[in-house]
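Notes follow the structure.
The values are calculated or read from the model by the stated rules, or taken from the named source; none is laboratory data. The structure displayed is predicted, hence computed values, not measured ones. Positions of Cβ are backbone-derived with ideal geometry, glycine not excepted, and every protein chain shown enters the neighbour counts. With ligands, DNA and RNA removed, areas are computed over all heavy atoms of the protein, side chains included. Shrake-Rupley method; radii C 1.70, N 1.55, O 1.52, S 1.80 Å.
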Amino acid sequence: MKGTFTMKTGRGIAILLAAAATVPLVLAGADRPSIAAVPASHADEASTVRRITEPQYRRAITDIFGADIKVVGRFEPDLRVDGLLAVGTSAVSITSGGLEQYETIARNIAEQVVAPDHRASLIGCTPAAADPAGSACAGQVFDRLGLRMLRRPLAPAERAALVATTLESARALGDFHAGLAAALTGLLTSPDFLFRIDRPGAPEQGRRMVDGWSKASRLSFFLWNAPPDEMLLAAAAKGELDRPEARARLVATMIASPRFADGVRAFFSDFLHLDDIDLLAKDARIYPAFSSAVAADAREQTLRTITDLLVDRQGDYRDLFTTRRIAMNRTLGPLYDVPVAERGWTFHQFPDGDPRAGLFTQISFLAQHSHPGRTSPTLRGKAIQEILLCETIPAPPANVNFAVVQDVDNPTLKTTRARLQAHLDDEECASCHKLTDPMGLALEKFDGAGQFRTTEHGEAIDTTGSFADTHFDGAAALGRLFQRNPQPIDCLVQSTWRYAMGRRLAAFDKPVVARLNADFAGTGYRMVDLIRAIALSPQFYEYEPASPPARMAGWPALATKGAM
Amino acid sequence: MAQDFSRRGFMLKGILGGASVTLGLPILDAMLNENGTAFAATLGGAPLPVRFGTWFWGCGMIPARFEPKSDGANYDLPPQLAPIEPVRQHVSVLTGFDVMLDGKGNLPHISGNTAARTGAPADTWQAIEGPTFDMLIADQIGGGSYFRSLELSADGNPRTSHSFRNGSSMNATIPSAAELYQRIFGPDFRDPNAASFTPDPKFIVRRSVLSGVSEQRAALLARVGSADRARLDQYFTSVREMEGKLALQLQKPPPAEACVRPDAPAPLRASADLTDFETRKANHKLMAELLAMALACNQTRAFNMNFSTAASDLRTAGDTTGYHQTTHEELIDRSVGYQRVVDSFAVRNMEAWAEFVAAMAAIREGDGSLLDNMLIVAHSDVSYAKNHDVAGIPVMLAGRAGGKVKPGLHVRGAGEPITRVGLTAQQLMGVPVDSWGTDAMRTNRPINEIIA
């Protein structure tokens, strides 16, 4: 737990499996694919191909065709690599089952776009008398849509192919609009839509750069989690993205846009693994207050709390660990024991001294890193270590005797802490549990659904521990220690960089990440400034950086969050 | 980027030229897979197609309560195997087949199932090298049907899958009966027993559109590095496969005697707790019956069914402690010598397996049943879950594979590698392979006892 580039490597593969008292059930997902590393062969060169994520796909459709057009279907799951789905985008392809889904989704979208109620606004032309097949109309449609969908202008041959497909299909189906839908389906299924494929551009100061269109995509997906809009595409067409000062003006405009909050939400959703909440299940008899609606709102609560602090109020990232101001609604109120008068979302301020303060005391964190029927200090501690400190926790040994530590009805070991303590008497267990459990135990006054409690089996719960050689008592106190510690900052900066680049850290990233770290401190740890600094870095636009990203010793090589 | 429309143009002319659709060459072309072998050689011919599938459950068993004492036919059924009594004549039990860790660490609930599926234990699924053996078989036999393979999970999670092309390419599962129904018997379904057949021009157009996508392949692959090229190539292979599937839709399908389009299942209640054992079993049974009909209707010849995750996600609603936790924390009851609760969970896994086999056997086909024309390999991630033991991971086979397999036997592996199972299955399904597995797990010895 030292500086930016001295992360613990551990055994590399960081799947804490049946580690501790409370881990085992989660092993449920032990072989979930969202875990760890891709083969070494994939890690040895900088990818120039990223698959767009499901939220990005959905956003593209809404941006281009409007919110009336529904995206219906199941997407191929995104893959978490090095703790981020964004990094996984440069490892995944599309399987045959996945392609079938993309094609089905695409046809459904295309049929809606050409449907009579949308065609006037979305197609905007019909075959003219002089051109009964509709060649000119199809050409107009694809001139407009091609640019938006492929995020670059169509090549003449591509345009011709789309027009030809439209006309041939229209003849086969006896309907011009059905023909358009067919060609549109092809566009939506094409590699240049489903993947972001970098194209090389002119060098800048000796650096190989991507072209203006690829720059527009990098900026847009990073800052907005969306494809480039017309403003950005126009700027790319004029070559503005190739000039640093014009780029800076565009970045300022983009950060000032309301869409910037979407980009920040997308980053934190990925960074904090909030997508996993969709699969969160709690035992309805043990936690009757918890439901899938609570889970979805708990994620929304965290994201609203974050954008309020970091975007609307341009706040200090470190305050996320201590903030008493939290988004709230009527669904969540009962679990927080907070009365909510308003309909919809509002903000609640916990009083000084309240046990709820900071990210660690939010239900999205507490419930996600628990079992269906009980808490898990080990899972919670592991999540803190891996997600927020970028540490790697090795897997547990295979043959562990869990009997004592997990007997919840043990008459003498009534609390989870007492049962876990038994683990620390075993040297092999202790080496990892010393890393995870103390922080997790600090959160024990919140049950598996994130509700406050003071006792477990009639015993008072002890939430004392130490972090970075400092003693603390309780989740709020742990949050205050995080607020003052450099490691969560280092972890955030390198994670934001990896998110922006969609790949693992490489040796050549070291100078830029070090500079970003220094700048972040210099601007008072404002998230907005970190994102701006990345967007203004020439390295952000580099095409296949010069030296291959060999894995550096001492770096977090593989997984962060395990499958639990 | 020059575009060549000749192939698509030709296809479309078939339908544009007149009322009747005569699509000679392009369809023949589509019938050829990457190896140039004909897709549909056995479909519609005399022999019934032989199907292959896997069935996975997590948390293994308790050896003394599971492993038969007697060998060969008419093996005894210890308590955990008691549920398979009604289907015993169809099921072979393979015990004592091991994962050789070969100096590697035993990653709990990972080493065992990666080894059984890929022939070498790996630390994560992302670290595996090659395809899982079910994919090698699906590549061999899956081409002639609409779905090359169907991946299913009864737990509601599309990420619960043990079928991988490589470490970053998992075959996501269909996680619900309603979704399975929609995929198989939805708008693309053509009843093989329908009296008349008219090719739908929509399929021609869809295929033509995908051909246009395929044409971008060469130019794109030339632009990217080797790892990206492999990824894009996989994407284009998926596109080609889809073209092949759509071409199949233009041919009159051969009749399938047992094929009856079933009613759509009711969607699962939003509050249904699929981690609860009984709810899971009910969902699994529904999916098994739909799968059986999908097979009978020749919609696929390969499948992977996941009953639970590795390390089993199952539990009993209302209990703080789930199955997997229980395997580690329940004390052995000294009066009986085993973990009582774990034992009861293990029995329920086998109830689900027996229901799965029965669903396949229930469909009449030819002189026998659908099951007679199948080979199913069932296995878990560990043997004795309490210790994450990967020696003697339980394996069961079901079906006669069209007469190629002798069912109903107990075979002991005596510490031989579990890769013998994967090798045997591949050879039975026609994969040209004489040895399989890595390092200590490499084997060239199929399990001859079960081969007819």
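Starting from region A:150-166, take each residue that is under 19 Å from A:Lys238 (Cα atoms) and list its partners that are among the hydroxyl-bearing types (Ser, Thr, Tyr), counting only C-beta distances under 9 angstrom and pairs at least six apart or across chains. Pairs that qualify, where the first residue is under 19 Å from A:Lys238 (Cα atoms) and the partner is among the hydroxyl-bearing types (Ser, Thr, Tyr), are A:Leu150/A:Ser190; A:Arg151/A:Ser214; A:Arg151/A:Ser217; A:Arg151/A:Ser220; A:Arg152/A:Ser214; A:Arg152/A:Ser217.
Is it the case that region A:524-542 has a residue that's in a loop (DSSP other than H, G, I, E, B), modelled with pLDDT under 95 and not hydrophobic (A, V, I, L, M, F, W, C)? The answer is no, given that none of the residues of region A:524-542 is in a loop (DSSP other than H, G, I, E, B), modelled with pLDDT under 95 and not hydrophobic (A, V, I, L, M, F, W, C).
Number of residues in region B:327-369 that are polar (S, T, N, Q), touching a residue at least 12 places away in the same chain (Cβ under 8 Å) and open to solvent by 10 Å² or more (accessible area, probe 1.4 Å) equals 0. Quick check on region B:170-190. Is at least one of its residues in contact with a Pro (Cβ under 7 Å, 6 or more places away or on another chain), within 19 Å of B:Ala138 (Cβ to Cβ), in the same structural domain as B:Ala120 (by TED's automatic domain parsing) and among the small types (Gly, Ala, Ser)? Among the residues of region B:170-190, at least one is in contact with a Pro (Cβ under 7 Å, 6 or more places away or on another chain), within 19 Å of B:Ala138 (Cβ to Cβ), in the same structural domain as B:Ala120 (by TED's automatic domain parsing) and among the small types (Gly, Ala, Ser), which makes the answer yes. Against the test of being acidic (Asp, Glu), modelled with pLDDT of 95 or more and in the same structural domain as B:Gln80 (by TED's automatic domain parsing), the options B:Asp381, B:Asp389 yield a single qualifying residue, B:Asp381. Among the conditions (1) under 30 Å from A:Gly201 (Cβ atoms); (2) in a helix (DSSP H, G or I), A:Arg503 misses just one, which is (2). Filtering region B:426-441 for residues that are open to solvent by less than 10 Å² (accessible area, probe 1.4 Å), at pLDDT 95 or above, outside any loop (DSSP other than H, G, I, E, B) and small (Gly, Ala, Ser) leaves an empty set.
Filtering region B:227-259 to residues that are of a type in the set (Ser, Thr, Tyr), at the interface with chain A (Cβ under 7 Å from one of its Cβ atoms) and touching an Asp or Glu at 6+ places or on another chain (Cβ under 9 Å) leaves only B:Ser238. Scanning region B:200-226 for residues that are in contact (Cβ under 8 Å) with a residue 60 or more places away in the chain and either more than 7 Å from chain A (Cβ to nearest Cβ) or of a type in the set (Gly, Ala, Ser) (or both) yields B:Arg207, B:Ser208, B:Ser211, B:Gly212, B:Glu215, B:Ala219. Scanning region B:318-349 for residues that are among the small types (Gly, Ala, Ser) and more than 27 Å from the chain's Cα centre (by Cα) gives B:Gly318, B:Ser335, B:Gly337. List the number of the failed condition for B:Val239; all other conditions in (1) at pLDDT 95 or above; (2) open to solvent by 70 Å² or more (accessible area, probe 1.4 Å) hold. In the conditions (1) at pLDDT 95 or above; (2) open to solvent by 70 Å² or more (accessible area, probe 1.4 Å), B:Val239 misses (2) alone.
The set of residues in region A:330-383 that are among the β-branched types (Val, Ile, Thr) and touching a residue at least 24 places away in the same chain (Cβ under 8 Å) comprises A:Thr331, A:Thr361, A:Ile363, A:Thr375, A:Thr378. Based on this model, can you work out whether B:Thr300 counts as closer than 30 Å to B:Arg207 by Cα and within 12 Å of chain A (Cβ to nearest Cβ)? Here the answer is yes, as B:Thr300 does meet what is asked. Screening A:Thr375 on (1) open to solvent by 10 Å² or more (accessible area, probe 1.4 Å); (2) modelled with pLDDT under 95; (3) over 24 Å from the mean Cα position of the chain (by Cα) shows it passes everything except condition (1).
Residue-wise test of (1) closer than 30 Å to B:Arg315 by Cα; (2) at pLDDT 95 or above; (3) not β-branched (Val, Ile, Thr); (4) not assigned by TED's automatic domain parsing to the domain that holds B:Ala425.
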{"position": "B:Gly24", "(1), (2), (3), (4)": "no, no, yes, yes"}
{"position": "B:Ala64", "(1), (2), (3), (4)": "yes, yes, yes, no"}
{"position": "B:Gly72", "(1), (2), (3), (4)": "no, yes, yes, no"}
{"position": "B:Gly103", "(1), (2), (3), (4)": "no, no, yes, no"}
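Among A:Ala106, A:Ala46, which is the only one that is touching a residue at least 60 places away in the same chain (Cβ under 8 Å), outside any loop (DSSP other than H, G, I, E, B), within 14 Å of chain B (Cβ to nearest Cβ) and of a type outside the set (Ser, Thr, Tyr)? Of the residues listed, the single one that is touching a residue at least 60 places away in the same chain (Cβ under 8 Å), outside any loop (DSSP other than H, G, I, E, B), within 14 Å of chain B (Cβ to nearest Cβ) and of a type outside the set (Ser, Thr, Tyr) is A:Ala106.
The residue list A:Glu76, A:Glu100 contains one member that is within 14 Å of chain B (Cβ to nearest Cβ), under 26 Å from B:Glu241 (Cα atoms), charged (D, E, K, R) and outside any loop (DSSP other than H, G, I, E, B), which is A:Glu100.
From the list A:Ala120, A:Ala128, pick out the single residue that is modelled with pLDDT under 95, away from every other protein chain (no Cβ under 13 Å) and not in a helix (DSSP H, G or I). The match here is A:Ala128.
Could you tell me whether B:Thr275 is facing another protein chain (nearest Cβ under 7 Å) and closer than 28 Å to B:Asp134 by Cα? Yes; evaluated as a whole, the condition is true for this residue. Would you say B:Val411 is assigned to a strand (DSSP E or B) and either in the same structural domain as B:His324 (by TED's automatic domain parsing) or crowded, with 20+ Cβ neighbours inside 10 Å (or both)? Against the criterion (assigned to a strand (DSSP E or B) and either in the same structural domain as B:His324 (by TED's automatic domain parsing) or crowded, with 20+ Cβ neighbours inside 10 Å (or both)), B:Val411 qualifies.
Counting only residues that are within 14 Å of chain B (Cβ to nearest Cβ) and open to solvent by 20 Å² or more (accessible area, probe 1.4 Å), give me the helices (runs of 4 or more DSSP H) lying completely in region A:149-236 with at least 2 of them.
A:156-173, A:176-189
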